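The structure appears right after this line, and notes come after that.
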Amino acid sequence: MTLSGRPPSGPRPRRRPALVLAAVLTLTALTGTAETVVRNRIADRIAAVAGERLGTTPDVGLGATPALWQLARGTFPDVELTADGVSARHLTGLAVDARLHQVRRSGKGGTVGSSRVTVDVGTASLAAADASPPDSVVVPDPAHGRLVVRVGRGGALTVPVTPVLDGRTIRVTPGRPAFAGRPLPGALAKKVTAGAARTVPLTGLPLDLWPRRLQVVDDGLRLTLSGGHAAFRV
């Protein structure tokens with residue numbers, strides 16, 4: 001026997017969940033694109049402003065919080081700036097790592113809740129400083145908290161200098177110089193070290209930074225600074 005008419009149809013596939021999923025995926029992609037664009041634009045703006053003061057354009061990080069959320073609130077919880085080749089206080093080639101917390105926009109500037117900055121001064125920068133003898137090489141001696149300046153052919157003449165942090169000032173004090181490992185006589189030693197002592201004031205720093213620690217490290221000097229709530233202008 002032959003049956004006529006349309007065969008019974010089964011349940012139609014539900015398209016609504018598929019459409020919802022497609023919409024969610026599209027929205028996620030658009031949000032991800034917007035997040036990337038906004039994060040890059042904020043970082044570029046901060047880099048441009050900071051670069052005017054550092055003399056070189058830094059790399060900028062905005063932490064893990066979504067940039068869209070930071071922008072909407074007008075607050076950036078964690079901003080990191082890193083830069084090489086910075087010039088400051090008669091020194092060049094400095095490496096700076098700055099961590100700024102709770103950065104808020106306000107008019108033509110803003111405020112920072114707190115900050116911590118590390119400045120590394122390499123041996124090449126120290127040897128090129130204004131007070132260094134020509135053709136000198138600086139060798140760090142972290143175990144004794146000093147730098148050894150080697151002068152002349154083969155570095156036969158050595159002058160140890162000890163940098164210490166005294167409040168907002170770095171004081172550099174020379175020790176007894178030696179030639180070929182032998183200490184120089186008193187009169188000659190004074191002549192060699194005349195003018196070697198120096199002070200480097202650290203006043204007028206941005207963001208009301210205060211120097212906290214000065215260390216002799218394997219590749220030169222490391223200065224650590226920190227600050228509390230401070231205002232800035234752009």
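Values as computed for the structure displayed
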quantity: Checklist (1) under 21 Å from the mean Cα position of the chain (by Cα); (2) within 19 Å of Pro133 (Cβ to Cβ); (3) hydrophobic (A, V, I, L, M, F, W, C) applied to Leu165, failing item; calculated: (2)
quantity: Selected residue (criterion: nearest to Val49 (Cα to Cα)) from residues of the range 206-221 that are outside any strand (DSSP E or B) and open to solvent by 60 Å² or more (accessible area, probe 1.4 Å); calculated: Pro206
quantity: Close pairs from the range 163-187: first without any contact (Cβ under 8 Å) to a residue 12 or more places away in the chain and farther than 22 Å from Leu126 by Cα, partner open to solvent by 30 Å² or more (accessible area, probe 1.4 Å) and part of a strand (DSSP E or B), Cβ under 9 Å, at least 6 apart; calculated: Leu184/Leu157
quantity: Residue tally, condition touching a residue at least 24 places away in the same chain (Cβ under 8 Å) and at positive phi, over the range 112-162; calculated: 1
quantity: Count of residues meeting criterion [out of contact with any strand residue (DSSP E or B) (no Cβ under 9 Å at 6 or more places or on another chain) and among the acidic types (Asp, Glu)] in the range 47-82; calculated: 1
quantity: Residue check for Thr56: open to solvent by less than 80 Å² (accessible area, probe 1.4 Å), of a type in the set (Val, Ile, Thr) and modelled with pLDDT of 85 or more; calculated: yes
quantity: Where a residue in the range 67-90 is under 13 Å from Val103 (Cα atoms) and its partner, wherever it lies, is among the aromatic types (Phe, Trp, Tyr), with Cβ under 7 Å and at least six apart; calculated: Gln70/Phe76
quantity: Criterion violated by Arg153 - all others in (1) in contact with a strand residue (DSSP E or B) (Cβ under 9 Å, 6 or more places away or on another chain); (2) open to solvent by 70 Å² or more (accessible area, probe 1.4 Å); (3) of a type outside the set (S, T, N, Q) satisfied; calculated: (1)
quantity: Complete set of residues in the range 222-234 that are touching a helix residue (DSSP H, G or I) at 6+ places or on another chain (Cβ under 8 Å), open to solvent by 20 Å² or more (accessible area, probe 1.4 Å) and either part of a strand (DSSP E or B) or closer than 15 Å to Ala143 by Cβ (or both); calculated: Phe232
quantity: Qualifying residue in the range 59-78 (condition: exposed (fewer than 14 other Cβ atoms within 10 Å of the Cβ) and under 30 Å from Ala129 (Cα atoms)); calculated: yes
quantity: Test: residue in the range 183-205 that is among the polar types (S, T, N, Q), surrounded by fewer than 17 Cβ atoms within 10 Å (Cβ to Cβ) and at pLDDT 95 or above; calculated: no
quantity: Residue in the range 29-49 that is open to solvent by 100 Å² or more (accessible area, probe 1.4 Å) and modelled with pLDDT under 60 present; calculated: yes
quantity: Extreme residue, farthest from the chain's Cα centre (by Cα), among residues of the range 70-89 that are hydrophobic (A, V, I, L, M, F, W, C) and at pLDDT 90 or above; calculated: Phe76
quantity: Cβ pairs under 8 Å, 6+ apart, first in the range 37-64 and over 15 Å from Val96 (Cα atoms), second buried (at least 17 other Cβ atoms within 10 Å of the Cβ) and aromatic (Phe, Trp, Tyr); calculated: Ile42/Phe76; Leu62/Phe76; Gly63/Phe76
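Results for (1) surrounded by 15 or more Cβ atoms within 10 Å (Cβ to Cβ); (2) under 13 Å from Asp78 (Cα atoms); (3) modelled with pLDDT of 90 or more, shown as yes or no for each residue.
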| residue | (1), (2), (3) |
| --- | --- |
| Val96 | yes, no, yes |
| Val103 | yes, yes, yes |
| Gly109 | no, no, no |
| Arg116 | yes, yes, yes |
| Asp120 | yes, no, yes |
| Ala129 | yes, no, no |
| Ser132 | yes, no, no |
| Asp135 | no, no, no |
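The values are calculated or read from the model by the stated rules, or taken from the named source; none is laboratory data. Everything numeric in this text was worked out from a predicted model, so none of it was measured. Positions of Cβ are generated from backbone atoms using ideal geometry, with glycine treated the same way; all protein chains shown enter the neighbour counts. Please note that ligands, DNA and RNA were not included when accessible areas were found on the heavy atoms of the full protein model with its side chains. Shrake-Rupley method; radii C 1.70, N 1.55, O 1.52, S 1.80 Å.
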